[in-house]
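Written below as structure tokens is the structure these notes are about.
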């Protein structure tokens, strides 16, 4: 079945499945792909505009990702950071030498009046990316984490403090006033929409910031296309990152079912890993089992095909 596919994602796991979807849709008449990416992680550092999730998605799609760290670019060098440390500069957020070029290019274009969407489209063209990569909004939204020590900006919590403080809550400052990126909203309303895929990203800090932008969640509720979410939790643990720690500290069950319940107002299917038991029923949500651990590039393609097959099967019921 052909048609347009929309993915919502952020972080390393989301970027991997976005890459898998781009490969699955690359064959003739397979369809096209738009990827709506979380930008609430974006921040200013050393005078530069940093967009971690956008970069993770772009590097994955361009096949430039570091396969060991999962973030940043492969074959990276670190002479800039070494020199910065030698000068007594801020070195808690690592910027590789080739990664730095992207931040510089983004920063001067934004300073010249370009929107985040325009800069992202330019970077994707230069990297040879054919999928449409869309920031969730061109307006600033910032994730803040309420911890036992008080409120922390996301990067202070995530990178500087290594997710150590216990989490109490989250807020997405600016989300209520933000406008959805026009092409993102239009993609969710396309008449040829085949499926919407919620990638295996952290639900609290990668997916829910996107949902907090006015119009996005309601568009997901209203679409006739199947909406399928993929678990970031396998065997009671996060595939990567602090999602399981966050769930536990918030008093939630660390399970796929707990995330399915958070998404239940807009998803049709929730994909759990084949090694986990199928959860107890969640109203209006079907469960599908698949191999969701993406350790190889081939795994990304296999999971993408499994998810699209599930969407197509639901659409024909």
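List of remarks:
- Check on residue 287, touching a residue at least 12 places away in the same chain (Cβ under 8 Å) and more than 19 Å from the chain's Cα centre (by Cα): yes
- Enumeration of residues in the range 42-69 that are closer than 20 Å to residue 123 by Cα, in a loop (DSSP other than H, G, I, E, B) and out of contact with any strand residue (DSSP E or B) (no Cβ under 7 Å at 6 or more places or on another chain): 47, 51, 62, 63
- Taking each residue of the range 149-168 that is under 20 Å from residue 251 (Cα atoms) and looking for partners that are exposed (fewer than 14 other Cβ atoms within 10 Å of the Cβ) with beta-carbon atoms closer than 6 Å, six or more apart or interchain, yields 165/148; 165/149; 166/148.
- Filter result for residue 121 (under 29 Å from residue 4 (Cα atoms), buried (at least 20 other Cβ atoms within 10 Å of the Cβ) and either free of Cβ contacts under 8 Å to residues at least 24 places away in the same chain or touching a strand residue (DSSP E or B) at 6+ places or on another chain (Cβ under 8 Å) (or both)): no
Every residue, every condition in (1) surrounded by fewer than 21 Cβ atoms within 10 Å (Cβ to Cβ); (2) free of Cβ contacts under 8 Å to residues at least 40 places away in the same chain; (3) under 24 Å from residue 186 (Cα atoms), yes or no:
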position	(1), (2), (3)
200	no, no, yes
227	no, no, yes
258	yes, yes, no
282	yes, yes, no
302	yes, no, no
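- Within the range 23-41, considering residues that are touching a strand residue (DSSP E or B) at 6+ places or on another chain (Cβ under 6 Å) and outside any strand (DSSP E or B), the one farthest from residue 154 (Cα to Cα): 31
- 2 or more residues more than 30 Å from residue 20 (Cβ to Cβ): qualifying strands (runs of 3 or more DSSP E) within the range 75-165: 142-147, 150-153
- Residue 238 passes every criterion in (1) under 22 Å from residue 120 (Cβ atoms); (2) within 20 Å of the chain's Cα centre (by Cα) apart from (1).
- Qualifying position, being loosely packed, with under 15 Cβ neighbours inside 10 Å, more than 20 Å from the chain's Cα centre (by Cα) and within 30 Å of residue 184 (Cα to Cα), among 92, 108: 108
All of the numbers you see were taken from the coordinates with simple rules; none came from a lab. Keep in mind that what you see is a predicted model, and the values were worked out from it rather than measured. We place every Cβ from the backbone using ideal geometry, glycine too, and count neighbours over all the protein chains shown.
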